[in-house]
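Here the structure is laid out as structure tokens; the discussion comes afterwards.
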Amino acid sequence: MASPELASLLRALREHPAIVGETIHERRAHMVSISAGLPRDPDVAYQPVDAGGVPAEWISAPGSRADRALVHLHGGAYVMGGLDSHRGLAVRLAREARARVLLVDYRLAPEHPHPAAVQDAAAALRYALAEGVAPERLAVSGDSAGGGLVVATLLALRDAGSTLPAAGVCLSPWFDLTLSGASVERLAETDVLLDVAMLRESAQAYLDGADPRQPTASPLFAELSGLPPLLVQVGSEELLLDDARGLAERAREAGVEVEIEVADEMFHAWHAFADVLPEARQAIARLAAFLEKRWI
């Protein structure tokens with residue numbers, strides 16, 4: 001049964017949408033305006049770093065083990081988001097997973113189209129390994145576009161013959177930039193966070209004329225063998241539901257260990273509301289349990 005907090009949050013999001021603006025740059029500016037200056041937890045350490053040429057931030061909470069690292073790739077449809085907008089989620093991940101989190105400020109479209117985000121995410125993972133994190137104690141996570149970027153980056157590393165982390169975690173992932181899933185239309189009016197027209201515009205900006213079905217743009221269409229274990233969490237009410245189901249099915253067919261959780265009544269990227277939503281905190285706790293079983 002859904003919590004009372006969920007009903008309250010849904011009403012608030014319908015009255016005051018989280019993503020506001022007619023253009024990509026207006027939506028980006030709105031996200032910057034509402035996230036800049038958000039308070040930081042006083043018991044958490046924040047260390048800006050150059051992660052192989054990519055701006056990033058190490059986040060360590062009480063209990064974060066120095067020998068574990070989770071590289072997190074933020075959401076924002078490849079055109080928005082950054083350290084300020086996703087620092088709160090990264091802190092929550094650091095606390096629950098008992099690991100340091102490397103929050104990556106990868107380049108955004110339209111200024112930096114595909115494959116810039118993939119290159120930056122791969123550089124950040126290589127940086128973590130170079131800093132001494134053992135691959136069996138390294139994982140990569142991402143939300144929304146960042147969730148799709150998790151698998152895209154694992155594919156790029158696999159194809160380059162690079163060391164892979166122990167696991168990947170995809171939260172409300174965007175795996176299909178063609179937006180071909182039936183849930184895109186079926187749940188378009190149900191998902192309180194995403195808008196189909198916004199996603200199409202963002203995909204066009206990120207692709208810049210490139211083939212949307214190429215593996216590191218839309219991992220749904222990729223050959224997935226050889227990837228590490230994956231956890232996919234998706235809401236039953238979000239329009240990207242079929243992205244998650246489709247990739248999980250293809251991953252299993254390719255011999256990849258994959259767990260998929262479809263959270264009843266949840267909307268896109270509900271994890272970001274963990275401060276007020278019990279279901280978000282429960283999902284992150286399950287995420288931490290998944291990683292605990294994969295980290296040596």
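What follows is calculated from the coordinates using simple rules that are stated; it is not laboratory data. This one's a predicted model, so the numbers in the text were calculated from it and none came from an experiment. A quick note on method: Cβ atoms are made from the backbone with ideal geometry, for glycine too, and the neighbour counts reach across all protein chains shown.
When you scan region 80-92, do you find a residue that is acidic (Asp, Glu) and over 16 Å from the mean Cα position of the chain (by Cα), even just one? Steps first, answer last, please.
To start, the set of residues in region 80-92 that are acidic (Asp, Glu) comprises 84.
Narrowing further to those that are over 16 Å from the mean Cα position of the chain (by Cα): none.
Scanning region 80-92, I find no residue that is acidic (Asp, Glu) and over 16 Å from the mean Cα position of the chain (by Cα), so the answer is no.
Give the residues of region 283-296 that are under 14 Å from Leu93 (Cβ atoms) and over 14 Å from the mean Cα position of the chain (by Cα), sorted by residue number.
Ala285, Arg286, Ala288, Ala289, Phe290, Leu291, Glu292, Trp295 - these are the residues of region 283-296 that are under 14 Å from Leu93 (Cβ atoms) and over 14 Å from the mean Cα position of the chain (by Cα).
For Tyr46, indicate whether it is aromatic (Phe, Trp, Tyr), touching a Leu at 6+ places or on another chain (Cβ under 8 Å) and over 16 Å from Ala139 (Cβ atoms).
no
So, in region 45-83, exactly how many residues are aliphatic (A, V, I, L, M) and surrounded by fewer than 17 Cβ atoms within 10 Å (Cβ to Cβ)?
Residues that pass the stated criteria total 3.
For region 6-21, state whether one or more residues are β-branched (Val, Ile, Thr), within 21 Å of the chain's Cα centre (by Cα) and not in a loop (DSSP other than H, G, I, E, B).
Scanning region 6-21 turns up no residue that is β-branched (Val, Ile, Thr), within 21 Å of the chain's Cα centre (by Cα) and not in a loop (DSSP other than H, G, I, E, B).
Any idea how many residues of region 108-118 are in contact (Cβ under 8 Å) with a residue 24 or more places away in the chain and either in a loop (DSSP other than H, G, I, E, B) or surrounded by 24 or more Cβ atoms within 10 Å (Cβ to Cβ) (or both)?
So the answer is 7.
For the structure I just gave you, tell me whether His74 is in contact with a His (Cβ under 7 Å, 6 or more places away or on another chain) and touching a residue at least 60 places away in the same chain (Cβ under 8 Å).
Values: in contact with a His (Cβ under 7 Å, 6 or more places away or on another chain): yes; touching a residue at least 60 places away in the same chain (Cβ under 8 Å): yes.
Here the answer is yes, as His74 does meet what is asked.
Can you pull out the residues in region 93-107 that are over 14 Å from the mean Cα position of the chain (by Cα) and surrounded by 23 or more Cβ atoms within 10 Å (Cβ to Cβ)?
Result: Ala94, Ala97, Ala99, Arg100.
How many residues does region 272-296 contain that are assigned to a loop (DSSP other than H, G, I, E, B) and farther than 16 Å from Arg68 by Cβ?
So the answer is 4.
Which of the residues spanning region 128-150 are under 21 Å from the mean Cα position of the chain (by Cα) and assigned to a helix (DSSP H, G or I)?
Ala128, Leu129, Pro135, Glu136, Arg137, Ala145, Gly146, Gly147, Gly148, Leu149, Val150
Of all residues in region 10-22, which are surrounded by 11 or more Cβ atoms within 10 Å (Cβ to Cβ) and either in contact with a Pro (Cβ under 6 Å, 6 or more places away or on another chain) or under 26 Å from Pro110 (Cα atoms) (or both)?
Pro17, Ala18, Ile19, Val20, Gly21
Residues in region 223-233: is at least one without any contact (Cβ under 8 Å) to a residue 60 or more places away in the chain, over 24 Å from Leu9 (Cβ atoms), charged (D, E, K, R) and surrounded by fewer than 24 Cβ atoms within 10 Å (Cβ to Cβ)?
yes
Please go through region 236-282 and pick out each residue that is surrounded by fewer than 17 Cβ atoms within 10 Å (Cβ to Cβ), among the aliphatic types (A, V, I, L, M) and over 18 Å from the mean Cα position of the chain (by Cα).
Within region 236-282, Ala254, Val276 qualify.
Within region 178-190, does at least one residue satisfy the condition of being crowded, with 20+ Cβ neighbours inside 10 Å and closer than 22 Å to Leu93 by Cβ?
No: region 178-190 contains no residue that is crowded, with 20+ Cβ neighbours inside 10 Å and closer than 22 Å to Leu93 by Cβ.
Quickly run through region 123-137 and pick out the residues that are surrounded by 24 or more Cβ atoms within 10 Å (Cβ to Cβ) and in contact with a helix residue (DSSP H, G or I) (Cβ under 7 Å, 6 or more places away or on another chain).
Scanning region 123-137 gives a single hit, Leu125.
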